[in-house]
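A short write-up of the structure that comes next.
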Amino acid sequence: MRLRIDGCDAFLDLPEGSTFGAVLVEAGHQVASRGRVVSRVVADGREISTRFEREMADRPVGEIDTVDVTTTTPDALFREALDGAVDLSLAIRRDAATILSSLRAGDFAAAGPRYATCIESLGTFFQLAGAVFNAIGTGVFPLAVRSGSEGELPTPPDATAGILQRLLRTQKGNDWNAVADILEKEILPNIDGWSAFFKALKEMGAE
């Protein structure tokens, strides 16, 4: 298997029988040693998403011809993640408001398809939100202003995962009035809180 990082061949010192997951770990070490972070992974011409990466983790390297890794700086990735999170939060809010209107009107047929898309977007958003916050806490995304100085790091909303789980449980019970209540009283305020959190981070700026 051939590993390329930013278009250049990278040396792989892995034992026979290694997996795709092991290759990505080694690539990550090499990238980190240069003070950069991985921004994109392409295996045999197919971009690898987080979900697909998990599915391919145990795949033998002998089944893969070429892996291309593109890197960027932590600062650039941080700004990209913040922009993506803000845009996604606004899109979810618009969808949720439309779904809520349909549910309140009893038009469940109209709400159904958009609701399914919204749930998928919520899962993606909350995963991204958690990853960004954890990256700040571990120093992967260093902020120009740290806690304890003039600009305190804002606090993200609580109970995000619990809200989504309650929404899914309520949906399985086909209690659409309760689904509408959770969307209105919990999901929308939570999304607004995350959106404000990310906007505050953008104003603080990254190093």
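If residue 129 passes every condition in (1) out of contact with any Phe, Trp or Tyr (no Cβ under 6 Å at 6 or more places or on another chain); (2) modelled with pLDDT under 90; (3) buried (at least 17 other Cβ atoms within 10 Å of the Cβ) but one, which one does it miss?
Of (1) out of contact with any Phe, Trp or Tyr (no Cβ under 6 Å at 6 or more places or on another chain); (2) modelled with pLDDT under 90; (3) buried (at least 17 other Cβ atoms within 10 Å of the Cβ), only one is false for residue 129: (1).
A quick yes/no check of all residues on (1) in contact with an Asp or Glu (Cβ under 7 Å, 6 or more places away or on another chain); (2) among the β-branched types (Val, Ile, Thr); (3) without any contact (Cβ under 8 Å) to a residue 40 or more places away in the chain:
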position: 6; (1), (2), (3): no, no, no
position: 11; (1), (2), (3): no, no, yes
position: 16; (1), (2), (3): no, no, yes
position: 22; (1), (2), (3): no, no, yes
position: 26; (1), (2), (3): no, no, yes
position: 40; (1), (2), (3): yes, no, yes
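Test residue 116 against the criterion of being assigned to a helix (DSSP H, G or I), touching a residue at least 40 places away in the same chain (Cβ under 8 Å), of a type in the set (Gly, Ala, Ser) and surrounded by fewer than 17 Cβ atoms within 10 Å (Cβ to Cβ), and give yes or no. Before the answer, list the steps.
Numbers: assigned to a helix (DSSP H, G or I): yes; touching a residue at least 40 places away in the same chain (Cβ under 8 Å): no; of a type in the set (Gly, Ala, Ser): yes; surrounded by fewer than 17 Cβ atoms within 10 Å (Cβ to Cβ): yes.
No: the conditions fail for residue 116.
Any chance the stretch 52-59 includes a residue that's touching a residue at least 24 places away in the same chain (Cβ under 8 Å), surrounded by fewer than 16 Cβ atoms within 10 Å (Cβ to Cβ), under 22 Å from residue 124 (Cβ atoms) and among the acidic types (Asp, Glu)? Working first, answer last.
First, pick out the residues of the stretch 52-59 that are touching a residue at least 24 places away in the same chain (Cβ under 8 Å): 53, 56-59.
Then keep just the ones that are surrounded by fewer than 16 Cβ atoms within 10 Å (Cβ to Cβ); that gives 53, 57-59.
Retained after the next criterion (residues that are under 22 Å from residue 124 (Cβ atoms)): 53, 57.
Remaining after also requiring among the acidic types (Asp, Glu): 53.
So far as the stretch 52-59 goes, yes, one or more of its residues are touching a residue at least 24 places away in the same chain (Cβ under 8 Å), surrounded by fewer than 16 Cβ atoms within 10 Å (Cβ to Cβ), under 22 Å from residue 124 (Cβ atoms) and among the acidic types (Asp, Glu).
Name the single residue, out of those in the stretch 27-40 being within 20 Å of the chain's Cα centre (by Cα) and farther than 18 Å from residue 11 by Cβ, that is surrounded by the most Cβ atoms within 10 Å (Cβ to Cβ).
By that ranking, first place goes to 37.
Could you tell me how many of the residues in the stretch 90-113 are part of a loop (DSSP other than H, G, I, E, B) and in contact with an Asp or Glu (Cβ under 9 Å, 6 or more places away or on another chain)?
The total comes to 0.
Please determine whether any residue of the stretch 45-66 is among the basic types (Lys, Arg), assigned to a helix (DSSP H, G or I), more than 30 Å from residue 111 (Cβ to Cβ) and outside the structural domain of residue 130 (by TED's automatic domain parsing).
Yes, the stretch 45-66 contains at least one residue that is among the basic types (Lys, Arg), assigned to a helix (DSSP H, G or I), more than 30 Å from residue 111 (Cβ to Cβ) and outside the structural domain of residue 130 (by TED's automatic domain parsing).
How many of the residues in the stretch 72-100 are within 13 Å of the chain's Cα centre (by Cα) and polar (S, T, N, Q)?
1
With modelled with pLDDT under 90 and either closer than 26 Å to residue 200 by Cβ or assigned to a loop (DSSP other than H, G, I, E, B) (or both) as the only criterion, which of 75, 87 stands out? Quick ask: steps written out before the conclusion?
Numbers: 87 fails: modelled with pLDDT under 90.
Only one candidate passes the filter, namely 75.
Within the stretch 31-44, work out how many residues are among the polar types (S, T, N, Q) and in a loop (DSSP other than H, G, I, E, B).
Initial filter on the stretch 31-44 (among the polar types (S, T, N, Q)): 33, 39.
Those still in the list that are in a loop (DSSP other than H, G, I, E, B) too: 33.
Number satisfying all stated conditions: 1.
The values are calculated or read from the model by the stated rules, or taken from the named source; none is laboratory data. Fair warning: this is a prediction, and the values are worked out from it, not measured in the lab. For neighbour counting, all protein chains shown are included, and Cβ atoms are generated from backbone atoms with ideal geometry for every residue, glycine included.
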